[in-house]
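Worksheet for the structure shown next.
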Amino acid sequence: MKILIINGPNINMLGIREPDIYGSENYKTLCESVENHAKELGVEVSLFQSNHEGALVDEIQRAYGVFDGIVINPAAYTHTSIALLDALKAVGIPTVEVHISAVEKREEFRQISYVRQAAIKTITGKGINGYLKAIDFLVNYK
Ligand code: DQA
């Protein structure tokens, strides 16, 4: 099984950005945790991060016919991007939406998620562990 892990804008700033909200672990730790977990499960993972909406769309399109699952944290684009929603719908790959923070308990503008319409599951507020739970979910998803 091959899973693509996509992270949107400012996720590369983990550990520096608002640690009270996003924790003190950095992006490198996120990548290593995901890679170690995938290895234990015998799953192949590829990690991609970009601050650019179009680059994220390109990556989702490239996943077509290559990956069996997508884990995506679109970050701020969660709340704005119809382009990401359309790309996920276009490729039709089972997708889990992940947020490090509990977005449902935060500002009003974070209550909207466009990509959620294309996701089979949403995981929020579990920190980096949310990505591992998302992988577990995809592995068990029939
Ligand atoms: C986030 C939540 C978003 O609202 C925010 O814009 C992010 C990160 C999260 O992982 O909790 O950049 O997706």
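Among the residues of region 8-51, those that are among the hydrophobic types (A, V, I, L, M, F, W, C) and part of a helix (DSSP H, G or I) comprise Ile11, Met13, Ile21, Leu30, Cys31, Val34, Ala38, Leu41. Conditions first: (1) within 15 Å of the ligand (Cβ to nearest atom); (2) closer than 26 Å to Arg17 by Cα. Gly54 passes all but one, so which condition is the exception? Condition not satisfied by Gly54: (1).
Of all the listed residues (Ala90, Ala134, Ala118), the sole one being more than 9 Å from the ligand (Cβ to nearest atom), of a type outside the set (D, E, K, R) and surrounded by fewer than 16 Cβ atoms within 10 Å (Cβ to Cβ) is Ala90. Residue count for region 2-51 satisfying the condition of being at positive phi and open to solvent by 40 Å² or more (accessible area, probe 1.4 Å): 3. In this structure, Lys142 does not satisfy being assigned to a helix (DSSP H, G or I) and either without any contact (Cβ under 8 Å) to a residue 40 or more places away in the chain or among the small types (Gly, Ala, Ser) (or both). Here is the figure for region 62-83: residues that are farther than 14 Å from Ile112 by Cα and away from the ligand (no atom under 11 Å from the Cβ) total 11. Looking at this structure, is Lys142 of a type outside the set (Asp, Glu) and modelled with pLDDT under 95? Yes.
This table checks each residue for (1) among the basic types (Lys, Arg); (2) under 18 Å from Lys2 (Cβ atoms).
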residue	(1), (2)
Ala102	no, no
Phe109	no, no
Ala134	no, yes
Lys142	yes, yes
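Residues of region 52-83 that are surrounded by 15 or more Cβ atoms within 10 Å (Cβ to Cβ) and either in a loop (DSSP other than H, G, I, E, B) or modelled with pLDDT under 95 (or both): Ala63, Phe67, Asp68, Pro74, Ser81. Within region 93-137, the residues that satisfy the criterion of being in a loop (DSSP other than H, G, I, E, B) and within 18 Å of His37 (Cα to Cα) are Ile100, Lys126, Gly127, Ile128.
The values are calculated or read from the model by the stated rules, or taken from the named source; none is laboratory data. Note that this is a predicted model, so its numbers are computed, not measured. Neighbour counts run over all protein chains shown; Cβ positions are idealised from the backbone, glycine included. Keep in mind that these areas ignore ligands, DNA and RNA; they rest on the heavy atoms of the full protein, side chains included. Shrake-Rupley method; radii C 1.70, N 1.55, O 1.52, S 1.80 Å.
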